[in-house]
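S.K.: My questions will all concern the structure given below.
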Amino acid sequence: MSLDPLRTICEDPLERKWVWLSLIMAFVMGGLLGFYALSSNIHPPSNVETIDSSRLHLSEEFAEDNLGVKRNDDGSLTVTLVAARYGFYPPRIEVPVDTPVTFRIASADVLHGVHVPFTNMATMIVPGYISEVTTTFPRTGEFSLLCNEYCGLGHDSMWSRLVVVPESAGGESS
Ligand SMILES: [Cu+2]
């Protein structure tokens, strides 16, 4: 009598071997993904906050004059952005290195995504919700803020600039 638990569903030993092989591959890949996510501090955003997208420009927080980088009392920064076809507004953001930055982003129209390559900053921007991500940029330099959810014909050119400057330079947007 075999101890193989797959015995009850398939008779052929060769078939069982391949079933085991694919199960092991699935577990190894799942394990690697989990390890990579944990070791790189990648996790789903936990913030759930709704907003009326059609009245975004009239809202307190996402009105045009209130967008951009703000410094909080504890030294951290809040960056308020609007994602709309086809760009992120304001189009250029400057933040200091090694400083906690909380992004608060709302979509003015359709589903967008935001991704800053070579950092762990990435989230979806779902219309009707405020996407919130807190991260710290450990390296100075110029980064692109890209849309990574197909949002229409101009999607390829939907990006803006994130500049991570030395600590003393502060933060601003233009
Ligand atoms: Cu897009």
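S.K.: Dividing the Cα radius of gyration by the Kirkwood radius, what Rg/Rh value follows for the chain?
M.R.: Rounded to two decimals, Rg over Rh is 1.19.
S.K.: Sequence-distant or interchain residues sharing an amide H contact under 5 Å with residue 109, placed H: which?
M.R.: 85
S.K.: Then there's this: Treating the angle as unsigned and between 0 and 90°, give the value, to the nearest 10°, between the Cα long axis of helix 13-39 and the longest Cα principal axis of the chain.
M.R.: Helix 13-39 sits roughly 20 degrees off the main axis of the chain.
S.K.: Let's test the formula: R0 of 35 Å, r as the Cβ-Cβ distance of residue 76 and residue 29. What FRET efficiency results, to the nearest 0.05?
M.R.: Given R0 = 35 Å and the Cβ-Cβ separation, E is 0.45.
Read-outs throughout are calculated quantities, based only on the coordinates presented, and are distinct from any laboratory measurement. Only a predicted model underlies this, so the values are computations on that prediction, with no experimental measurement involved. Don't worry about glycine lacking a Cβ; one is built from the backbone with ideal geometry, like all the others, and counts go over all protein chains shown.
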